[in-house]
Every structure is written in C-alpha cells, then in structure tokens.
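Following: one structure in structure tokens, then a few remarks.
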Amino acid sequence: MQIFVTLPQNYRNNFKAPIAMSFDYLLGRLNFQEIASAFIVLFAVIDILGSTPIIIDQKQKGRPVSAIKATLLSAALLVGFFFAGDALLRLFSVDVQSFAVAGSLVIFLMALEMILDVEIFKNLGPIKEATLVPVVFPLIAGAGAFTTLISLRAEYAQVNILTALALNMVFVYCVLLATEKVERLISKGTIYLMRKFFGIILLAISVRLFTANLLPLIDNLSQHP
C-alpha cells in the first residue's frame, strides 16, 4: 500500500525560499574585480609555471605525477584549509607563522636538491609517485598558499576567493598535463639548466617566506612566553 502526502502550497514555497535566497545572495556577492585580484595573488603564490622543472625532474627520477589526482588533492586541501585552517592550527597549538616557517624550510631543502644535485628527500616509503609530495605539498598547496587564503578571506567575499581558487586549479591541471609535452620537446641539457635556475629562484622564495614570518613568530613568542 502506498501513501501519498501532499504538502500545502505555502509550505513548499517556504521550503524553496531559503535555497533561492542563498543562491541569489551568492550571485549578488560575485565581484569580477575581486575574483581577478584574488586570482592574480593566488597565481603568483602557487607559481605552478615555476614548479615545472621540479615536476619534470621528479618524472625523470621515475616518480610519476598524476595531473588529475594532484589537482583534486590540492583543491581539497586548499578549500579545507580555507574553511577550517584556523581551527585546525589552533587544535595543535600552531600559529600561521610557525606553519609558514616550516613550509619555507621544506622548500629550502628542495631548492638545495636542485642546485647541488643531492638527494635529501629519500623515497623510502610505499608511495613511489611524486603526486602527493612534493607536487601537492608543498609546491601547490603549500604554506604560502594557505596563509594567502587566510589573508584574502579578510579582504574579499568567500565566493570570489573560491571562484579564483577554482580557476587557478584549472590552470594547474593544464600545466601538469603540459609538462609531458615540455619534457619531450626540451633537451636534457636545457632541463638541467632550468633546474639550476629555478632552484635558485626557489631558494630565494624560501628565504623570503622564512624572513617574512620569522619576525612575527618571534614577536608572538615574546608576548606569550
């Protein structure tokens, strides 16, 4: 036996109203200038183009990189940190400056690998691909991207930041796919020179990230001994 229940018309209208209002609210909050500004900031911080030699280097070492997996994992980490980053760091009694300093040290060691032709990060675990480390973290979803998202949240509407982040992830996916073509087109000697050059750039970025967050970290520690 089937029982059919018909809801009153006013109840159905009231049920649809919050959904329509929330959708209209999000559309009303869309601001293309904010989206463009947030996109440029995130694009500069993620700097997936500058990470291309590192990704190619990992592939030459026999550590494959999955473009779709790296993009989805990076997007999930960044969106999750965007909404719950502050609470997560507080849970472990870690501030943003400490997290950024730790991330800068990881980037510093990766730069030394590229410049000095040494292997610091030894892949002794069961995961042989480079998708998670170092591509997802710290290259794409690193300390710089995390701190930038928190900073942007204080200036722009959430829907605009998330739209800018989504556009960046589409670009990241396209670049990761293109690295296979770049690897085939560019000679090994050129890749080697690019590796050295971008290693120095990466070293400079790590030093800037370290110095920019070290002084605020020392100030916080001095205020809360």
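Read-outs throughout are calculated quantities, based only on the coordinates presented, and are distinct from any laboratory measurement. Small disclaimer: the values here were computed from a predicted structure and weren't measured. Cβ placement follows ideal geometry from the backbone for every residue including glycine, while neighbour counts extend to all protein chains displayed.
Between E119 and N220, what is 0.36 nm times their sequence separation minus the Cα-Cα distance? Round to one decimal in nm.
Values: separation 101, 0.36 × 101 = 36.36 nm, distance 3.48 nm.
So the chain would gain 32.9 nm between E119 and N220.
Over the Cα atoms of segment 32-223, compute the convex hull volume and normalise it per residue, giving Å³. Write out the running numbers ahead of the final one.
Details: hull volume 24.6 nm³, N = 192.
Convex hull of Cα atoms, per residue: 128 Å³.
Could you pull out the GluC sites (Glu not before Pro) across segment 139-204 that fall in loop regions by DSSP (anything but H, G, I, E, B) with no more than 13 other Cβ atoms inside 10 Å? Don't skip to the end; give the middle numbers.
Working: sites: E155, E180, E183; in loops: E155.
Taking segment 139-204 and a limit of 13 other Cβ atoms within 10 Å, the loop GluC sites (Glu not before Pro) found are E155.
By how many nm would the segment from F83 to T190 lengthen if fully extended, with 0.36 nm per residue of separation less the alpha-carbon distance? Each step should come with its number before you reach the end.
On the way: separation 107, 0.36 × 107 = 38.52 nm, distance 4.13 nm.
Computed gain between F83 and T190 is 34.4 nm.
Spelling out what I want: for every residue of segment 90-98, take phi, set θ = phi - 60°, compute 6.51 cos²θ - 1.76 cosθ + 1.60 (Karplus), and round to whole Hz; glycine and proline get x.
With coefficients 6.51, -1.76 and 1.60, one gets 5, 4, 9, 6, 10, 9, 5, 5, 4 Hz.
Can you work out ³J(HN,Hα) from phi for every residue in segment 55-63, in order, using Karplus 6.51 cos²θ - 1.76 cosθ + 1.60 and θ = phi - 60°, giving whole Hz and x for Gly and Pro?
Values, residue by residue: 5, 4, 4, 5, 5, 5, 7, x, 10 Hz.
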